[in-house]
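Written out below as structure tokens is the structure these notes cover.
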Amino acid sequence: MTPIHEPLSEEAAARLVVIAGLSATPFSISGGGTRSLLPAADGAEQLSTRGLNGIVAYNPAEMTMTARAGTPLEKVEAALAENRQMLAFEPVDLRGVLGSSGIPTIGGVFATNASGPRRFVAGAARDSLLGVRFVNGKGEIVKAGGRVMKNVTGLDLAKLLAGSHGSLALLTEVTFRVLPMPETAVTIVISGLNDAEATAAMATAMGLPVEVSGAAHLPESVRGRFAGGALPEGAATVLRLEGLAASVSVRAQKLADAMAGFGAVSQCDAGLTQRLWREIRDAAPYADGTSRPLWRVSVAPTAGQQLVAALRLEAGVDAFYDWQGGLVWLRMESDPEAALLRRYIKAVGGGHATLLRARPEVLSTTEIFQPQTDAVTALQTAVKASFDPHGLFRAPGGFIAQ
């Protein structure tokens, strides 16, 4: 059985890393274990942040919070909700599609750069990260950044660790900015558009002065699996508006009028809007209890529908679109078709694809993260050597840093 280490302090974690360095024992870092795409690397012991728990500082007036890496995400969000504040980037919850259990942690959110529907206007998780504390591969405790938004010292170092999947260091504490929670939200729905028409409609909506905070297209193949089937018949192109009630009402009318030329327009109230965008965030239609390959693909907003159209000529796929069409949740009906997918991603202008789910034997033989150019790989390797010279931190799929 793989040993599991749960240090209760930063100092204890540092001592574990020093001892591991003496014996060349590698670690696979985890938080709540809800975002792991592969089992721990061969021979690696598990180093968990679950013992590093608690909110260290929270200043609602400054809109910043500092929390230990193992703090449950729900605890962070509950504290923010008491002051009507939120994490603007809407961290995705992968438990449904991965079939994982456990409790997501705030460290895991930043270590995987977990970002949801508002990412294309509010930025990714890393854009909210102000500072970090971490233990590097030498067992040194390092601080980068600060606890107030105006202090940008070390900000780039903090961003480097965001999205590194535990391959560079053990995050022990994170400081991040938060934003006010909107008073209300509604969703404008345009029904019956094909993928290309929906892409054009979303682009038009984003060009209007109405502050769209969510733009997604749900083809007919998935539309009925959202919001309990409450969306109107036909493919649904959905546009979210948030803010003060009076402002949202005026903006919603302007947006509905502008979208009327594309198709039938309807509106979801605040309750249905909240449910719908949570399900879009978490790719709810694909939380189906199967191991059918599921990809999370990021391309230019206009290229998403082109990519899916090309793939459908050669493979069985199902898909829906977020981030104005730039994020494609793509489920393959049989094999992952990694080479085919990445060839078409290159053909439509580039991007990246992460294989979130497949049969274990397929995951172990497929590059689950986007392959990098030789130059980028050389840079990543140099960064890895600087943070973790003994190669103690092992991430899934040979991942170095993203």
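The values are calculated or read from the model by the stated rules, or taken from the named source; none is laboratory data. Everything numeric here is computed off the predicted structure, so don't read it as measured data. Glycine gets a Cβ as well: all are built from the backbone with ideal geometry, and neighbour counts include every protein chain shown. Ligands, DNA and RNA are excluded from the accessible area calculation, which covers all protein heavy atoms including side chains. Shrake-Rupley method; radii C 1.70, N 1.55, O 1.52, S 1.80 Å.
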Next item on the list: Among the residues of the stretch 160-215, write down those that are touching a Gly at 6+ places or on another chain (Cβ under 9 Å) and charged (D, E, K, R).
Entry: Glu173, Glu183, Asp195, Glu197, Glu211
Check: Within the stretch 69-127, which residues are of a type in the set (Val, Ile, Thr), touching a Lys or Arg at 6+ places or on another chain (Cβ under 9 Å) and buried (at least 19 other Cβ atoms within 10 Å of the Cβ)?
Finding: Val92, Val97, Thr105, Ile106, Val109, Thr112
Check: Mind checking which pairs have a first residue in the stretch 42-54 that is in contact (Cβ under 8 Å) with a residue 24 or more places away in the chain and within 9 Å of Gly31 (Cα to Cα) and a second that is open to solvent by 50 Å² or more (accessible area, probe 1.4 Å) and part of a loop (DSSP other than H, G, I, E, B), Cβ under 9 Å, 6 or more apart or different chains?
Finding: Leu47/Glu6; Ser48/Glu6; Thr49/Glu6; Arg50/Glu6; Arg50/Ile103
Check: Exactly one of (1) surrounded by fewer than 19 Cβ atoms within 10 Å (Cβ to Cβ); (2) in a helix (DSSP H, G or I); (3) touching a strand residue (DSSP E or B) at 6+ places or on another chain (Cβ under 9 Å) is unmet by Lys159. Its number?
Finding: (1)
Checklist line | In the stretch 193-223, the residues that are farther than 12 Å from Phe262 by Cβ, open to solvent by 10 Å² or more (accessible area, probe 1.4 Å) and part of a helix (DSSP H, G or I) | finding: Asp195, Met206, Glu220, Ser221, Arg223
Notebook entry, point to check: So which residues in the stretch 330-381 are open to solvent by less than 70 Å² (accessible area, probe 1.4 Å), farther than 20 Å from Glu314 by Cα, at pLDDT 90 or above and more than 20 Å from the chain's Cα centre (by Cα), if there are any at all?
Noted result: Ala378
Next item on the list: Identify the residue in the stretch 387-402 that is at pLDDT 90 or above and farther than 17 Å from Ala162 by Cβ and, among all such residues, is most open to solvent (accessible area, probe 1.4 Å).
Entry: His390
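Based on what the data block shows, is Arg126 of a type in the set (Lys, Arg) and farther than 21 Å from Tyr321 by Cβ?
yes
Looking at Ser291, Ser334, can you tell me which residue is touching a residue at least 60 places away in the same chain (Cβ under 8 Å), among the polar types (S, T, N, Q) and in a loop (DSSP other than H, G, I, E, B)?
Within the list Ser291, Ser334, the selection yields Ser291.
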Next item on the list: Assess whether Ala227 counts as being buried (at least 16 other Cβ atoms within 10 Å of the Cβ), hydrophobic (A, V, I, L, M, F, W, C) and touching a Lys or Arg at 6+ places or on another chain (Cβ under 7 Å).
Entry: yes
Next item on the list: Give the stretch 15-64 a look and list any residue that's closer than 30 Å to Arg177 by Cβ, of a type in the set (Val, Ile, Thr) and at pLDDT 90 or above, or say none.
Entry: Val17, Ile29, Thr49, Ile55, Val56, Thr64
Checklist line | Those residues of the stretch 239-293 which are under 28 Å from the mean Cα position of the chain (by Cα), aliphatic (A, V, I, L, M) and open to solvent by 70 Å² or more (accessible area, probe 1.4 Å), in sequence order | finding: Leu244
